[in-house]
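*Asks:* This is the structure I have questions about; it appears just below.
The values are calculated or read from the model by the stated rules, or taken from the named source; none is laboratory data. Bear in mind that the values here come from a model prediction, so they are computed numbers and not experimental data. All Cβ positions, even for glycine, are placed from backbone atoms using ideal geometry, and neighbour counts span all protein chains on display. Quick note on the areas: whole protein, heavy atoms, side chains included, nothing else; ligands and nucleic acids left out. Shrake-Rupley method; radii C 1.70, N 1.55, O 1.52, S 1.80 Å.
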Amino acid sequence: MNIIEAIKERRSVRSFNGESLSEVMKSELYKAIAGAISPFGGHVSIRLKEFDLKAGFKPSTYGMIKGASSFFMLGIADDEQSALTAGFMFEQVVLKAWQLGLGTCWIAATFKGTDFDNGEAWPDGEQLRIISPVGVAAKKSVVESIARMAIGSDRRKAFSTLFFNKDFETPLSPDSRFGQALEMLRLAPSSTNSQPWRALVVGDTVHFYYIQKSQLSVLDCGIGLCHFYETERFNSQKGEFFKSENPPSAPKTWKYLVSYKGE
Ligand SMILES: Cc1cc2nc3c(=O)[nH]c(=O)nc-3n(C[C@H](O)[C@H](O)[C@H](O)COP(=O)(O)O)c2cc1C
């Protein structure tokens, strides 16, 4: 399965088959963690932790996650670069897991921190902010189906309402230079499916903005930018992220984040 197929097929998985990960899968996941990159800096650690459910301790996800014994844990410092990097790096692991046949679910709210953080030491101002179960998916539980419906997880905003060309009124053509990479960004997961990302294309440059929906909006954008960047790489396109000193001034509710200059 290539990365475009993984991006299109991936969904959050909250119900698992109850089996622990094989040594081969664990080693692949450790490789994915070690290989994850970010151009944004900051301080982020990704760990994989296994809980021995048979020993009787089950970390609490308030009933949201069923049948998982392995969890990723993300230590993230409290600044913009770290939030962007957390989204950008961990989504690479999420997509790799999907390619290996494993489901995950980004979780920022529905977990009991002390159950997971027990005995962990985090460096450089990092704190446990995100967890994700990882394992083989089972049939969706009723709780999972209700959660998906309540959040509207299957509905993404239309391309034409998110991405613009030259000015903030002209929708970008999906067939243009950055069309596919932005379409893949559009499919990214975000907290409560809030999809805070917006973009303006001016020639060979994409300026990224976001609408602040919550504390997680920048991290959400990091996830979207991972999809964008993976698509560029898949298509052997080159380019670099940079912070513009003079980004085009956008509608009032939009905050400038970062730009990308393609070759
Ligand atoms: C940063 C982040 C935090 C999230 N936190 C939670 C959470 O606390 N509980 C939960 O059940 N889902 C959580 N989700 C999953 C989203 O609800 C889900 O990604 C979104 O509804 C889109 O659905 P999809 O991932 O199946 O495409 C989170 C997702 C992201 C990206």
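*Asks:* Quick check: Cα centre of the stretch 193-263 to Cα centre of the stretch 153-178, how many Å?
*Replies:* Value for the Cα centre distance between the two parts: 12 Å.
*Asks:* Ok, one more. How far apart, in nanometres, would the label points at residue 62 and residue 11 be if each is projected 7 angstrom from Cα along the Cα-to-Cβ direction?
*Replies:* Each label point lies 7 Å from its Cα, and together they span 2.3 nm.
*Asks:* Then there's this: To the nearest 20 debye, what charge dipole does the stretch 3-147 have about its Cα centre, counting +1 at the Cβ of each Lys and Arg and -1 at the Cβ of each Asp and Glu? Don't skip to the answer; put the middle values down first.
*Replies:* Numbers: 16 positive and 17 negative charges, 134 e Å.
My answer is approximately 640 debye.
*Asks:* Continuing with the same structure: Pull out a ≥ b ≥ c, the square roots of the eigenvalues of the alpha-carbon gyration tensor of the chain, then state rounded if a/c is under 1.5, prolate if not and a/b is larger than b/c, and oblate in the remaining case.
*Replies:* Verdict is prolate for the chain.
*Asks:* Using only alpha carbon pairs under 8 Å that are at least six residues apart, calculate the relative contact order of the stretch 126-263 and give it in whole percent. The partial results should precede the final answer.
*Replies:* On the way: 183 pairs, mean separation 29.8, N = 138.
Reported as a whole number, the value is 22 percent.
*Asks:* Using protein chains only and a probe of 1.4 angstrom, how many square angstrom of residue 197 are accessible, to the nearest 10?
*Replies:* About 10 Å², ignoring ligands and nucleic acids.
*Asks:* Based on the mean of other beta carbon atoms within 10 Å per residue, what is the order of 206-217, 140-151, most packed first? Present the calculation step by step, with values, prior to reporting the outcome.
*Replies:* Numbers: 206-217: 19.1, 140-151: 13.8.
My ranking of the peptides, most packed first, is 206-217, 140-151.
*Asks:* I've got another one for you. With θ set to phi - 60°, apply the Karplus curve 6.51 cos²θ - 1.76 cosθ + 1.60 along the stretch 107-113 and write out the HN-Hα couplings as whole Hz, x wherever there is a Gly or Pro.
*Replies:* 9, 10, 10, 8, 8, 8, x
*Asks:* Mind ordering 7-20, 107-120 by average Cβ neighbours within 10 Å, highest first?
*Replies:* Per-residue Cβ counts within 10 Å, averaged per peptide and sorted highest first, yield 7-20, 107-120.
*Asks:* Follow-up question, since we're still on this one. Order these peptides, 220-229, 126-135, by their mean beta-carbon neighbour count within 10 angstrom, highest first. Don't skip to the end; give the middle numbers.
*Replies:* Numbers: 220-229: 27.1, 126-135: 22.0.
Ranking, from highest mean packing down: 220-229, 126-135.
*Asks:* If a/c stays under 1.5 just call it rounded; otherwise compare a/b with b/c (prolate if a/b is bigger, oblate if not). Do that for the stretch 159-262, with a ≥ b ≥ c from the square roots of the Cα gyration tensor eigenvalues. Display every interim value, and only then the final one.
*Replies:* Working: a/c = 1.38, a/b = 1.13, b/c = 1.23.
Cα axes put the stretch 159-262 in the rounded bin.
*Asks:* Also, quick follow-up: If I require 20 Å or longer along the helix axis, counting alpha carbons, and a Kyte-Doolittle average no lower than -0.5, what helices from the chain are left? Use full DSSP H segments.
*Replies:* Values: long enough: 80-99 (29 Å, 0.23); 217-234 (26 Å, 0.28).
The qualifying helices are 80-99, 217-234.
*Asks:* For the stretch 3-147, what is the accessible area per residue in Å², given a 1.4 Å probe and the full set of protein chains?
*Replies:* Working: 6540 Å² over 145 residues.
Per residue, the stretch 3-147 has an accessible area of 45 Å².
*Asks:* Suppose every Lys and Arg Cβ carries +1 and every Asp and Glu Cβ carries -1, with no other charges. What dipole size does the chain come out with about its Cα centre, to the nearest 20 debye? Display every interim value, and only then the final one.
*Replies:* Details: 31 positive and 29 negative charges, 163 e Å.
In total the dipole reaches around 780 debye.
*Asks:* Toward the positive end of the charge dipole of the chain, about the Cα centre and with charges on Cβ (Lys, Arg +1; Asp, Glu -1), which of 110, 38, 201 goes farthest?
*Replies:* Among 110, 38, 201, the one farthest towards the positive end of the dipole of the chain is 110.
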